[in-house]
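Working notes, structure below.
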Amino acid sequence: MNQTDKASIVAELTNKLRSAQTVYVTDFTGLNVKQVSDLRRRLRKAGVEYVVVKNTLARRALSAATVTGLDDHFKGCTALALGPDASSAAKVLSDFHKEFQKPQMKGGVVDGLTVTPAQIKRLASLPPRDVLLAELGAAMQAPMAGFLGVLQSLMSNFAGALEALKTQREGAAS
């Protein structure tokens with residue numbers, strides 16, 4: 001591979017790293033071509049790109065994209081999972097690992113913070129972002145709905161009291 005090819009690979013990977021919110025570093029040793037293809041298909045379906053790249057080129061791209069904390073993980077057969085959110089890539093990699101005991105997670109970066117393999121497993125157990133947002137919305141709405149129910153009950157009781165007072169006055173006047 002000549003210098004021009006290497007430079008174009010680094011530039012392309014740098015752009016991908018800048019647009020990805022999560023980067024997981026995996027060791028795909030022991031996976032055959034069929035398994036890697038299956039893993040890529042699953043990741044692609046989740047909106048995640050799986051990139052096998054030479055360690056030196058990956059380090060250059062990480063440096064150019066100012067992604068820190070991953071340099072120690074580039075030994076042996078390394079691939080990067082680049083995703084739009086923390087849980088989708090972690091979920092697919094974790095499920096695939098349960099089936100085949102591969103790939104091994106080395107570490108990652110989520111929104112600029114370095115994560116360990118154990119933290120990646122915990123991220124895999126989280127529900128998707130939209131579900132978390134829906135749960136947050138419901139949690140925020142519940143107190144307001146309860147407050148409105150109390151107000152409505154007070155208004156109903158007040159209207160009932162006024163009606164009883166009106167009836168009592170009409171009975172006293174006749």
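The values are calculated or read from the model by the stated rules, or taken from the named source; none is laboratory data. Everything quoted here is computed from the prediction, not taken from an experiment. Cβ atoms come from the backbone with ideal geometry, glycine included; neighbour counts cover every protein chain shown. Note: areas computed on protein heavy atoms with side chains; ligands, DNA, RNA excluded. Shrake-Rupley method; radii C 1.70, N 1.55, O 1.52, S 1.80 Å.
Evaluating 6.51 cos²θ - 1.76 cosθ + 1.60 at θ = phi - 60° for every residue in the range 4-21, the Karplus couplings come out as 5, 4, 4, 5, 5, 5, 5, 5, 5, 5, 4, 4, 5, 5, 5, 8, 7, 7 Hz, glycine and proline recorded as x.
In the chain, the longest principal axis of the Cα atoms and the axis of helix 33-45 are about 30 degrees apart. For the chain, relative contact order (Cα pairs under 8 Å, six or more residues apart, normalised by length) works out to 26 percent.
The calculated FRET efficiency for the pair Gln104 and Val52, based on their C-beta separation and a Förster distance of 22 Å, comes to about 0.95.
So what is the accessible area of the range 109-167 per residue, in Å², with the probe set to 1.4 Å?
Dividing the accessible area of the range 109-167 by its residue count gives 77 Å².
Measuring from a point 7 Å past the Cα of Asp5 along Cα-to-C-beta, which residues in the range 42-75 have an amide N at less than 17 Å? Hits in the range 42-75 for Asp5 at 17 Å: 52-58.
Taken per residue, the accessible surface of the range 17-68 reaches 55 Å², heavy atoms only and a 1.4 Å probe.
With r defined as the distance between the Cβ atoms of Arg59 and Leu132 and R0 fixed at 41 Å, what FRET efficiency is calculated, to the nearest 0.05?
0.75
What a 1.4 Å probe finds exposed on the chain is 59% carbon and sulfur by accessible area, rounded to a whole percent. Length gained on full extension, Arg122 to Phe147, computed as 0.36 nm times the residue gap minus the Cα-Cα distance: 5.4 nm.
Evaluate E = 1/(1 + (r/R0)^6) for Asp72 and Phe158, where r is the Cβ-Cβ distance and R0 equals 45 Å; express this FRET efficiency to the nearest 0.05. Intermediate values should be presented prior to the final figure.
Working: r = 69 Å, r/R0 = 1.52.
Efficiency computed from Cβ-Cβ geometry: 0.05.
Only helical runs count toward this figure. For the chain, summing -39,500 (n - 2.57) over DSSP H runs of n ≥ 4 and dividing by all residues gives -21000 deg cm²/dmol at 222 nm. Going through the cross-link list Lys75/Lys121; Lys34/Lys98; Lys75/Lys102; Lys6/Lys98, which pairs have a Cα-Cα distance over 25 Å in this structure? Long pairs (Cα-Cα over 25 Å): Lys6/Lys98.
For Rg/Rh (Cα atoms, Kirkwood Rh), one of (1) 0.97; (2) 0.93; (3) 1.44 was computed from the structure I shared and the rest are decoys. Which label? Here the calculated entry is (3).
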